[in-house]
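Worksheet for the structure shown next.
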């Protein structure tokens, strides 16, 4: 049980599936909010997402589902029945926040759209998430993150060499980023309510979030810059802000942002001090205009291939230069820096499997943070929640027998 948390007393009802909305509600739960997740009688489809990567999806063993839903109470309702909808409305009577990604046409049919609910619950913060935004020709179009976040804006093809296979991002990556903004939007609305006493509608989309986080590339691609994407690997903006392969097949990223200051420092470690006297190396513009950027980049690449990544790490560390190994996902569980900062938490699931589970990385020094606990079955907390609403066990059993709840 949590004590001394910043969002203690905040009541949230989530009618969400997959990643974006559930991850935003998980953040609210992480810092103390009482979050009730409403699922259908067959459950959130994300419960079954681990199948395609060989993970267990059994109750109390579901690694993927736990990540986005830790700390929530679970209730399963058939909202197409009057009894199921009535239970949801009773939950909303007590709620500060309602967050959902159900498509708006379906919400309108159920009488759960913002215009309807705000008349009954004027203080309710109503958050609705879509693939492409609430206006325009694609407002009602369905969209997962690979489509609306990654593919629509350009990252999948403009981040890789021309002609190579498009980027294949981590599952739910765009959703998780979008969930952070949903979380921030909900907290902003709650702060506004403290001043006005009124609720509001919070909206966000995968498409809009992708435009925002790719803002620099979106602007650079426009006139007058008309920067070409994908970028030529031999013509980076700076030869010391680039990725290079090493002798052992691993890669290092040089991150010498601030060319005038940092190019000489990298040049000394790489043994190319002669380039410092070349007027073509005066700045990034002279490198690009002269075409020397390509020759210099290829020269550095050939030098980097003469040593292993570990040898280069030692040299760059001794010179106090900014760089990073291009790690693999499998390396994260062994990264002491992640453990020391509590970015990972070891969780033992019901099948005995122990996993290093990622945690929200925001720590508040004066408050506690929720621990990760494996999620239970569909409707795990249905009875307890309904008892809290005044339902008798006989009434609950009757609703379950008629498939209004699970």
- Task: Please figure out what share of the DSSP beta bridges in the chain is antiparallel and state it in percent, rounded to the nearest 5.
- Result: 40 percent
- Between region 32-50 and region 81-159, the Cα center-to-center distance that results, in Å: 15 Å
- Message: Compute a Gaussian network model of the chain, connecting alpha carbons closer than 10 Å, and tell me which residue from 230, 361, 374 fluctuates the most.
- Response: 361
- Query: If you line up the Cα atoms of region 157-295 on their principal axes, what length do they span on each, largest first, in Å?
  - Reply: 67, 35, 34
- Task: Once you've got the GNM for the chain with C-alpha springs shorter than 10 Å, pick whichever of 163, 16, 111 has the biggest mean-square fluctuation.
- Result: 163
- Message: Restricting to DSSP H runs of at least four residues, report the calculated mean residue ellipticity at 222 nm for the chain, -39500 (n - 2.57) per run over all residues, nearest 500 deg cm²/dmol.
- Response: -10500 deg cm²/dmol
- Note on the structure: Taking Cα pairs closer than 8 Å and at least 6 residues apart, the relative contact order of region 225-266 in percent is 30 percent
- Item | Inter-part distance where region 202-227 and region 286-310 are each reduced to a Cα centre, Å | 30 Å
- Query: Which one, (1) 85, 50, 41; (2) 67, 57, 35; (3) 84, 67, 44, gives Cα extents along the principal axes in Å as derived from the coordinates shown?
  - Reply: (1)
- What full-extension length gain, to one decimal in nm, is calculated for residue 389 and residue 377 as 0.36 nm per residue of separation minus the Cα-Cα distance? 2.2 nm
- Item | Rough spin-label spacing in nm, given labels placed 7 Å along Cα→Cβ, for residue 188 and residue 324 | 2.6 nm
- Query: In terms of the Cα gyration tensor, with a ≥ b ≥ c the square roots of its eigenvalues, is region 287-368 rounded because a/c is under 1.5, prolate because a/b exceeds b/c, or oblate?
  - Reply: prolate
- Compute the acute angle (0 to 90°) between the alpha-carbon long axis of helix 82-93 and the principal axis of greatest extent of the alpha-carbon atoms of the chain; round to the nearest 10°. 70 degrees
- Message: Shape verdict for region 207-270, please, from the Cα gyration tensor: rounded (a/c under 1.5), prolate (a/b greater than b/c) or oblate.
- Response: prolate
- Query: What is region 241-329 by shape, rounded, prolate or oblate, if you read a ≥ b ≥ c off the alpha carbon gyration tensor as root eigenvalues and call it rounded for a/c under 1.5, prolate for a/b larger than b/c, and oblate otherwise?
  - Reply: prolate
- Query: Taking the Cα atoms only, what angle lies between the long axis of helix 20-30 and the longest principal axis of the chain, rounded to 10 degrees?
  - Reply: 80 degrees
- Note on the structure: With Cα coordinates, the longest principal axis of the chain makes an angle with the long axis of helix 292-304, in degrees rounded to 10, of 80 degrees
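Only the coordinates and a few stated rules stand behind these numbers; no lab work does. These figures come from a predicted structure and were not determined experimentally. So basically every Cβ, Gly included, is an ideal-geometry build from the backbone, and we count neighbours across all protein chains shown.
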